[in-house]
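First comes the structure, then the notes that go with it.
The values are calculated or read from the model by the stated rules, or taken from the named source; none is laboratory data. No experiment lies behind these values; they were computed from the predicted model shown. Here the Cβ is made from the backbone with ideal geometry for all residues, glycine too, and neighbour counts use every protein chain on show. Accessible surface is based on the protein model in full, side chains and every heavy atom, while ligands, DNA and RNA are left aside. Shrake-Rupley method; radii C 1.70, N 1.55, O 1.52, S 1.80 Å.
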Amino acid sequence: MGTQTQPVQGMSDVTGGEARLWQWMEGKARETMRRYGFVELRTPILEYESVFRRTVGETTDVVQKEMYAFERGGRRYCMRPEGTAGVMRHAAGLGAQETAGARWFYWGPMFRCERPQAGRKRQFHQCGVECLEEPSPAVDAEILALQVDLLAAWGVGDVEVKLNTRGAKGDHARVAEGLRAALAPRLGDLCDDCRRRIGENVLRVLDCKEEGCRKVVESLPPVTEWMGDESRAYLDAVAGHLERMGVAYRREPLLVRGLDYYEHTIWEITGTGTGQQNAVAGGGRYRMELGGRELCGVGFAIGIERVAGLLEERGLAAAHAGEEAPDVWLVGLGDAAAADNLRLMRELRAAGASCRMAPGGSMKSQMRAANKSGARWALIRGDDELAAGTAALKDMASGEQTPVDCVAADIAARVAAPRENA
Ligand code: HAM
């Protein structure tokens, strides 16, 4: 039974108030993106697996453990675990002219086969951006500000921005060596996974959740210790821009991101308050090679489920999740009027009003259905009104009934409520 009625573990059907909340969020996102000069890019959910292996990184959890990957007809495919690599795959197929200064945003499902728990899904949704402008601390700060502005537009402006640097590509080997040397005397305090990670991808030790590892990590110096002046100056410049824009942030000297393509600026955003351990968003500057082209950009992704969770927690979700009642409910007395209502309903809809009717029944049962629907108006016709081309328009709140000519455009103009996204 279970497998026939339940979605795949860690995945959800989204409908009702939740779907309405998401629609509202998406509308706000589109409006914010427009003001920042971003255009939408919809990449396929399925990509060749190689798109992610080389960019996200062979030794990351995402590639090693979490991808839904499979073979078909001799090729390996993968459900996208994140958005950046697909966007860069698209960019790599364009000419340099077309990618210079590109600003893309996306909204859609991502797939990671993680252990499901609160706030962690196997299909989740991201709203993200990628900006391919000439690298500079100013662009990085602008993109971070966009992310904070978007969160504020949703009503979750009071978040915590944690900022750090991954350093220039040339610094990466030195940082890894430095970390290995600093961790060497503490090997006994690390978990088995981390002892393996030291050789494979030592940065992963920094975001291990094990208590013992956390203690060791807290005693480490900032990663900037092993970086050159250029990397430190770049981070300071980003911080300076954020301060001038009034974007609040906190330096997090041991912050690392779970994906390997980053260089220079990286950040993570968490909600403030209790129980909010999970990041709602993350981003940074990156460089990757795809299709023989080296591409660099800066971007972020926000977890829609996590923001919706924050809105819920703060009591802000209900205002955008309310059910929309029809403008008008059609009531037909007698067979001819009931049959003609189907035609009238179509004309009213074409003229902009939302309307519904009951499939039949007595006046009383139809009015009960109208009441239950929450419709603001009922339009009532019997055979006499049908013959005369008139109807009775009833205000459901006051009970007041007015005779009207049964002209769809006129009725629609009177009953259609203004809509936010019309
Ligand atoms: P990420 O940090 O892996 O970055 O994911 C971004 C956000 O997606 C997270 O902060 C979280 O809110 C949400 N998220 C990730 N995994 C899950 C999950 N299993 N369940 C629910 N929500 C989840 C990226 O994906 C990068 N592509 C961001 C980026 C864009 N960097 C540069 N450009």
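Cα-based Rg (one decimal) and Dmax (whole number) for segment 1-135, in Å?
Reported Rg and Dmax, both Å: 16.7, 55.
What list of ³J(HN,Hα) values in whole Hz, one per residue of segment 134-141 in order, does the Karplus curve 6.51 cos²θ - 1.76 cosθ + 1.60 (θ = phi - 60°) give from phi, with Gly and Pro shown as x?
Working through the residues one at a time gives 2, x, 6, x, 5, 5, 4, 5 Hz.
Starting from the Cα of ALA413, step 7 Å along the direction of its Cβ; do the same at ARG76; then give the gap between the two resulting points in nm.
That separation, rounded to one decimal, is 6.5 nm.
Can you give me the orientation-averaged projected area of the convex hull built on the Cα atoms of the chain, in nm²? Could you put the intermediate results ahead of the total?
On the way: hull surface 110.1 nm².
That works out to 27.5 nm².
At 1.4 Å probe size, with every protein chain present, just tell me what the per residue accessible area of the chain comes to in Å².
Values: 20540 Å² over 422 residues.
Solvent-accessible surface per residue comes out at 49 Å².
Roughly how many debye, to the nearest 20, is the charge dipole of the chain about its Cα centre, given +1 on each Lys and Arg Cβ, -1 on each Asp and Glu Cβ, and no other charges?
Values: 55 positive and 60 negative charges, 155 e Å.
So the magnitude is around 740 debye.
Quick check on segment 57-142: take the gyration tensor over C-alpha atoms, sort the square-rooted eigenvalues as a ≥ b ≥ c, and tell me if it's rounded (a/c under 1.5), prolate or oblate.
Working: a/c = 2.36, a/b = 1.49, b/c = 1.59.
Oblate, since a/c reaches 1.5 and b/c is not below a/b.
Which one of GLY178, TRP329, VAL148 is farthest out on the positive end of the charge dipole of the chain, using unit charges on Cβ (Lys, Arg +1; Asp, Glu -1) and the Cα centre as origin?
Checking the options against the dipole of the chain, the answer is GLY178.
Determine the relative contact order of segment 237-392: mean sequence separation of Cα pairs under 8 Å and six or more apart, normalised by residue count, in whole percent.
Numbers: 184 pairs, mean separation 24.0, N = 156.
Result for segment 237-392 is 15 percent.
Karplus couplings for segment 146-157 from phi (6.51 cos²θ - 1.76 cosθ + 1.60, θ = phi - 60°), rounded to Hz, Gly and Pro as x?
Calculated HN-Hα couplings, in order: 4, 5, 5, 5, 5, 4, 5, 4, 7, x, 10, x Hz.
Quick one: which of 387-397, 145-155, 314-324 comes out on top by average Cβ neighbours within 10 Å, and what's the full order, highest first? Don't skip to the end; give the middle numbers.
Details: 387-397: 15.5, 145-155: 19.8, 314-324: 13.5.
Taking the mean over residues of other Cβ atoms within 10 Å, the ranking is 145-155, 387-397, 314-324.
With +1 on the Cβ of every Lys and Arg and -1 on the Cβ of every Asp and Glu, and nothing else charged, how large is the dipole of segment 1-75 about its Cα centre, in debye rounded to the nearest 20?
On the way: 11 positive and 11 negative charges, 64 e Å.
Charge dipole of segment 1-75: 300 debye, to the nearest 20.
Just how large is the dipole of segment 281-362 about the Cα centre, in debye to the nearest 20, putting +1 at every Lys and Arg Cβ and -1 at every Asp and Glu Cβ? Can you show the working numbers first?
Values: 9 positive and 11 negative charges, 72 e Å.
Around 340 debye, computed over segment 281-362.
With all protein chains present, how much of the accessible area of the chain (probe radius 1.4 Å) comes from carbon and sulfur, to the nearest whole percent?
Working: 10130 of 20540 Å².
That share works out to 49 percent.
For LYS162, which lysines qualify as cross-link partners when the Cα separation must be under 25 Å and same-chain residues fewer than eight apart are set aside?
Cross-link targets: LYS28, LYS121, LYS209, LYS215.
If DNA, RNA and ligands are ignored and the probe is 1.4 Å, what is the ranking of LEU235, LEU46 by accessible area, most exposed first? Provide the component values of the computation, followed by the final result.
Details: LEU235 5, LEU46 75 Å².
Greatest to least solvent exposure: LEU46, LEU235.
Principal axis lengths of segment 193-317 from Cα atoms, whole Å, largest first?
45, 37, 34
Using the Kirkwood radius over Cα pairs, work out the Stokes-Einstein diffusion coefficient for segment 245-389 at 20 °C and 1.002 mPa s, in µm²/s as a whole number.
Values: Rh = 20.8 Å.
The Stokes-Einstein estimate is 103 µm²/s.
Applying 1/(1 + (r/R0)^6) with R0 = 60 Å to the Cβ-Cβ distance of GLN401 and GLN9, what FRET efficiency is obtained, to the nearest 0.05? Don't skip to the answer; put the middle values down first.
Numbers: r = 54 Å, r/R0 = 0.90.
Once the sixth-power term is evaluated, E becomes 0.65.
Please state, as a whole number in µm²/s, the translational diffusion coefficient that the Stokes-Einstein equation yields for segment 268-346 at 4 °C and 1.567 mPa s, with Rh defined as the Kirkwood radius across alpha carbon pairs. Show your work: numbers first, answer last.
Values: Rh = 18.0 Å.
Here the translational diffusion coefficient equals 72 µm²/s.
For ARG195 paired with LEU316, estimate the spin-label separation in nm (one decimal), with each label point 7 Å from Cα along the Cα-to-Cβ line.
The answer from the label model is 4.6 nm.
From the residues ALA339, ILE304, ALA319, which one has its Cα farthest along the dipole of segment 303-350 in the positive direction, the dipole being from +1 and -1 charges on Cβ of Lys/Arg and Asp/Glu about the Cα centre?
It is ILE304, whose Cα lies furthest towards the positive end.
Using a cut-off of 29 Å between alpha-carbon atoms, which lysines can reach LYS364, once sequence neighbours fewer than 8 places away in the same chain are excluded?
Filter leaves LYS372, LYS394.
Let me check the size of segment 44-105 from its C-alpha atoms; what are the radius of gyration and Dmax in Å?
Final numbers for Rg and Dmax: 12.8, 37 Å.
Work out how much length ARG356 to MET245 would gain on full extension: take 0.36 nm times their residue separation and subtract the Cα-Cα distance, in nm to one decimal.
Details: separation 111, 0.36 × 111 = 39.96 nm, distance 5.00 nm.
Taking 0.36 nm per residue and subtracting the Cα distance, the gain is 35.0 nm.
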